[in-house]
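For reference, the structure is listed below as structure tokens.
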């Protein structure tokens, strides 16, 4: 065996030893002593169905409240039929408005109490008035409280 082969074998062994030490040190780095009181609590649910809050699962009608000079959209009126009704039942209704490039131009939310059955109209006041010329799309999200 010549000197060149011997140097290659030694270099290979040194690299192999360095790799083993790197793995071993990484294994020791994650080995910590903890008790359950030192670990934050965590829980999760199984996969469950999300039920639509409207019957049928759609908004019936959207209309606009326009005011001011120059004229601006100040509120969005959302007509829909809740799936649950009665004393103490309420929903949050969220509205997002988008321009032609799908960028948000306005939003707002309102809480709707539902004491009786049937269709309701929720008036969602926008955070700031929006020029009607820039509104191209509306998104409605309804969540039961």
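The values are calculated or read from the model by the stated rules, or taken from the named source; none is laboratory data. Please read these numbers as outputs of a predicted model, since none were measured by experiment. In this analysis, Cβ positions are derived from the backbone assuming ideal geometry, glycine residues included, and neighbour counts consider all displayed protein chains.
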Q. Could you count how many residues in segment 99-112 are crowded, with 16+ Cβ neighbours inside 10 Å and within 23 Å of residue 52 (Cα to Cα)?
A. 5
Q: Being assigned to a strand (DSSP E or B) and touching a residue at least 24 places away in the same chain (Cβ under 8 Å) is the filter here, so list the residues in segment 94-119 that pass it.
A: 94, 95, 96, 97, 98, 105, 106, 108, 111, 112, 113
**Q.** Filtered residue count, segment 57-93, keeping only those that are surrounded by 10 or more Cβ atoms within 10 Å (Cβ to Cβ) and part of a loop (DSSP other than H, G, I, E, B)
**A.** 11
Q. Of these, 130, 124, which one is under 23 Å from residue 84 (Cβ atoms) and either at pLDDT 95 or above or within 21 Å of the chain's Cα centre (by Cα) (or both)?
A. 124
